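The values are calculated or read from the model by the stated rules, or taken from the named source; none is laboratory data. Here the structure is a predicted model, which is why all the values come from computation and not from measurement. Note that we place each Cβ from the backbone using ideal geometry, even for glycine, and neighbour counts take in every protein chain shown. These area figures cover heavy atoms from the full protein model, side chains too; ligands, DNA and RNA do not enter into them. Shrake-Rupley method; radii C 1.70, N 1.55, O 1.52, S 1.80 Å.
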Amino acid sequence: MRILPTPEGARPPAGRASRSDTGAKLTGALLAAIAVALSGCAAFEPPRAWEKGYLAKPEMQFDADKLDAKNVQHVYFSKEGSAGGYGVGGGGCGCN
Amino acid sequence: MSVHALSAGEPAPALSLSTAAGQAVDLERLRGKVVWVDFWASWCTPCKRSFPWMNEMLAKYGAQGFEIVAVNVDRKREDADKFLAVAPAQFTVVYDAAGKAPAAWAVKAMPTSYLIDANGRVAFVESGFRDERKAEVEAKIRAALAARK
């Protein structure tokens with residue numbers, strides 16, 4: 001595609017910002033808005049003790065099924081010789 | 001986020017919540033009694049064991065001016081109802097799904113119980129519920145009741 005050369009002295013129509021200028025402004029504004037919104041992620045707080053209801057659900061445990069967990073650990077042991085490094089008591093209640 | 005911990009000797013924060021029947025319970029109006037304020041939830045396993053013990057304490061010391069107010073912090077009422085069907089409570093149960101009361105009382109673990117003496121001050125804070133602590137906690141209740149005179 002051949003870009004036609006702009007004639008000498010040509011300027012964008014008066015009274016309107018050029019396209020690239022608006023684009024740059026919009027991008028800048030969008031980036032600023034995203035940055036401000038994401039700063040909310042820095043204010044993260046862990047759940048309070050009484051808000052841990054969902055964490056206490058069985059589906060939120062790593063080893064919800066004892067038999068399955070035993071099987072997985074046995075596989076890890078036999079395939080890669082690893083042992084241990086798992087298991088935390090609880091129930092999500094935060095009392096231990 | 002408040003890191004202030006509510007400890008013994010401090011005045012008890014306000015507590016004004018309703019029971020399932022809509023009856024208002026206010027800690028101020030229980031002044032003069034020794035009150036056991038217990039924060040519990042349906043998903044808290046030790047709470048299942050603490051309820052029979054609390055029933056026992058109320059039966060033993062209720063006549064001496066002992067009162068129990070158990071604050072439920074479940075988001076959904078049905079969860080609390082299911083729990084109460086399994087572990088019935090003979091004591092007052094109030095509901096705070098919004099979680100304002102546990103925040104005001106600086107609850108750090110579930111369950112947490114506060115023994116409020118007859119002057120409205122926190123006498124004792126118990127985090128969690130363990131069987132081996134029952135005797136010591138009961139002794140604290142008796143001491144608070146004795147100090148009532």
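Things worth noting here:
- Prolate/oblate/rounded label for chain B (Cα gyration tensor, a/c 1.5): rounded
- Positive-end residue of B:LEU30, B:TYR61, B:ALA12, charge dipole of segment B:1-108 with Cβ unit charges: B:TYR61
- Estimated buried accessible area (total), pair A and B, 1.4 Å, Å² to nearest 100: 1200
- Size of charge dipole - the protein assembly as shown - debye, nearest 20, with Cβ of Lys, Arg +1 and Asp, Glu -1, no other charges: 420
- Label point at B:GLU132 placed 7 Å out along Cα→Cβ; residues across segment B:31-45 whose backbone nitrogen lies under 20 Å: B:45
- Gained length - A:GLU80 relative to A:LEU55, 0.36 nm times residue gap less alpha-carbon distance: 5.9 nm
- Whole-Hz ³J(HN,Hα) from phi, Karplus 6.51 cos²θ - 1.76 cosθ + 1.60, for segment B:32-37, glycine and proline x: x, 9, 8, 10, 9, 9
- Mean separation of Cα contacts under 8 Å (6+ apart) over length of chain B, as relative contact order %: 33
- Using 0.36 nm per residue and subtracting the Cα-Cα separation, the extra length available between B:ARG49 and B:ASP26 on full extension is 5.7 nm.
- Entries of B:LYS48/B:LYS108; B:LYS33/B:LYS108; A:LYS66/B:LYS100; A:LYS52/A:LYS79 with Cα pairs more than 29 Å apart: A:LYS66/B:LYS100; A:LYS52/A:LYS79
- Charging the Cβ of each Asp and Glu at -1 and of each Lys and Arg at +1, and nothing else, the dipole of segment B:25-149 about its Cα centre rounds to 240 debye.
- Cβ-Cβ FRET estimate between A:ALA32 and B:ALA104, R0 fixed at 41 Å, reported to 0.05: 0.60
- Approximate spin-label separation A:LYS25-B:ASP79, in nm, with each point projected 7 Å along Cα-to-Cβ: 5.0
- Anisotropy class of segment B:92-149 from Cα gyration tensor, a/c 1.5 cut: oblate
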